[in-house]
Amino acid sequence: MSSGTVPKPIASTSSFIDDRIGAGNFLKRNLRKVFPDHWSFLLGEIALYSFIVLLLTGTFLTFFFKPTMGHVVYEGSYEPLKGVMMSEAYASSLHISFDVRGGLLMRQMHHWAALLFVAGMMVHALRVFFTGAYRKPRELNWLIGVGLLTLALAEGLTGYSLPDDLLSGAGLRITEGVAISLPLVGTWITFFLFGGEYPGEDVISRFYSLHILLIPGILLSLITAHMILMWVQKHTQMPGKGRTNNNVVGAPFYPAFMAKAGAYFMFTFGTIALLGTFAQINPIWLFGPYTPADISAGSQPDFYMGFLEGALRLMPSWEINFLGFTLPMSVLIPALVPMGIIMTGLALYPFIEQWVTGDRSEHHVADRPRNNPHRTSIGISAVTFYGVLWLLGANDELASFFHVSLNMTTYVGRVLIFVGPLVAYIITYRICLGLQRSDAAVIGHGVESGVIKRLPTGEYIEVHVPPNEAIEAHMRGKTAVPVIDDTHVDGDGIPPKGMRGPLGRLRAKMSQAYGGEKIALDGDHGHEEHAAVGSGESESDKSLTH
């Protein structure tokens, strides 16, 4: 898109700044930066705007919350708990909910914004993964995104525990059990967090410091780095007419994208405000203060920690006793393996794919998920793996609601955790190939026009016409997944250095399976094509070919 005449607001603002700090040209150039226009690119902004709401509402809550575990007798407005001994943290949370003007709204907005923040990052990560937007030169930004998602889980855990109610205390007890089960360092980590034997007197104050200072500071710095890299490297764009790896087709940052982003922030803020107003969440007054001897039935964590809860519930009670030491595998495996598979897999995938395909070129045009069926199938398998664990994190609720055996839900879950991702992979792969065939049919034969004709043979057919120009350009943006060339040999018949040995041969086989063109977009719809609708003659009289 050509820059054209610089709008007066940009020119005057640039001149004002340039006269004072000499940055007018920088501002003028960047205000005209072009952003692609596709709805899926706004998914990451949901997380960004939710984070802003988190900072605003969290700042409000810090004015009234008391992060201490000192014992007090509750004398606030909530009658059912009057006279009950509780921690100052829980009492101040009740005070915010019932005695601070707008306090309950701020609490609930903060909680909903936290859920939307994590959900927005998850959906954004899936968009980037399925479209291959993590490829060179964006590997570093992808790693930053994975780090952001991991930190967001830790931030949610520390914040969820602060009210010191019975539900969050149950989650804190699980956290302590996981931490102390870690070999060698478990005891030290537990004492560091809790200040002594569980539950101790320091965990709330220490989690508070982590929640409002350390983790948000790291999050803010990583988000800033993420945005700067995105700005410098430019945004990816979906394939379409006139879109290449050397340009960006869209609207300028000012005024088009700025107006869109501003409206989208207000929409996100309004959605969170409406949820905080009308959708009750985390009613801590119903749970009561935390005591180590009590636990409520049907307690569930927030959705983003549900997969770890499910892993704990599905894992058999295995342990290893060796040289006087006990390794509680029933805790270690659920705590480390699912998180390790998902987060480590996300972090390493760009480099594994680059190694398998040998593709070291830059990519600024995103893939349609169907055009890389193996990547899409792997992603859906991971989503299924996560989904099964998340669902079985509520196996007690499922058993109660559907009146089935709790043990049966556990046994079914142990089977699904292995079978589910495999079935999801196969089904997704076949769907991707089917969608590719559909695209090839549209390119080769055109689209149905709705015009019915009768041939001299008596057969009724529907006339096909060329597809819309934009749709055709979108489909023709498909490129074959690169494959390593292992057929080239030198004069002595020796394959390339990287292809020698067992690892090289394995790499070649993986590359052949993963890459290549699965369904080619061959064909030309320049001539009239037809699809048979019906016939008044026998099958032997039909002579239509297409």
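The values are calculated or read from the model by the stated rules, or taken from the named source; none is laboratory data. On a predicted model such as this, the values are computed, not experimentally measured, just so you know. So basically every Cβ, Gly included, is an ideal-geometry build from the backbone, and we count neighbours across all protein chains shown. Please note that ligands, DNA and RNA were not included when accessible areas were found on the heavy atoms of the full protein model with its side chains. Shrake-Rupley method; radii C 1.70, N 1.55, O 1.52, S 1.80 Å.
If the condition is being open to solvent by less than 30 Å² (accessible area, probe 1.4 Å) and of a type in the set (S, T, N, Q), then the range 210-243 contributes T236, Q237.
Tallying residues that are more than 22 Å from G156 (Cβ to Cβ) and either modelled with pLDDT under 95 or outside any helix (DSSP H, G or I) (or both) within the range 82-138 yields 17. Please tell me if G145 is of a type in the set (G, A, S), over 20 Å from E45 (Cα atoms) and surrounded by 19 or more Cβ atoms within 10 Å (Cβ to Cβ). No. Residue check: G413 meets all listed conditions (1) buried (at least 20 other Cβ atoms within 10 Å of the Cβ); (2) closer than 14 Å to M475 by Cα but one, namely (2).
The one condition from (1) within 30 Å of M329 (Cβ to Cβ); (2) surrounded by fewer than 16 Cβ atoms within 10 Å (Cβ to Cβ); (3) not polar (S, T, N, Q) that F207 does not meet is (2). Is at least one residue of the range 487-507 among the polar types (S, T, N, Q) and modelled with pLDDT under 90? Yes, the range 487-507 contains a residue that is among the polar types (S, T, N, Q) and modelled with pLDDT under 90.
From the list F257, F267, the lone residue that is part of a helix (DSSP H, G or I) and either surrounded by fewer than 16 Cβ atoms within 10 Å (Cβ to Cβ) or not hydrophobic (A, V, I, L, M, F, W, C) (or both) is F267.
Note on the range 427-486: residues that are over 22 Å from A520 (Cβ atoms), in contact with a helix residue (DSSP H, G or I) (Cβ under 9 Å, 6 or more places away or on another chain) and either modelled with pLDDT under 90 or of a type outside the set (D, E, K, R) (or both) total 3. In the range 119-128, what count of residues is obtained for those that are open to solvent by 20 Å² or more (accessible area, probe 1.4 Å) and closer than 14 Å to L48 by Cα? Result for the range 119-128: 6.
Here's the yes/no breakdown for (1) open to solvent by less than 40 Å² (accessible area, probe 1.4 Å); (2) out of contact with any Ser or Thr (no Cβ under 8 Å at 6 or more places or on another chain):
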site	(1), (2)
G70	yes, no
Y74	yes, yes
L81	yes, yes
M85	no, yes
H95	no, yes
R101	no, yes
L105	no, no
A113	yes, no
F117	yes, no
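Taken together, the residues in the range 196-242 that are under 30 Å from G477 (Cα atoms) and more than 26 Å from the chain's Cα centre (by Cα) amount to 2. Take the residues in the range 354-404 that are of a type in the set (A, V, I, L, M, F, W, C) and within 25 Å of V248 (Cβ to Cβ); name whichever of them is most open to solvent (accessible area, probe 1.4 Å). In this case the residue turns out to be V365. G120 falls short of the stated requirement of being among the small types (G, A, S) and more than 17 Å from M305 (Cβ to Cβ). Of the residues D485, D439, the single one that is open to solvent by less than 60 Å² (accessible area, probe 1.4 Å) and among the acidic types (D, E) is D439.
The set of residues in the range 26-72 that are over 24 Å from the mean Cα position of the chain (by Cα) and part of a loop (DSSP other than H, G, I, E, B) comprises R32, K33, F63, F64, F65, K66, P67, T68, M69, G70.
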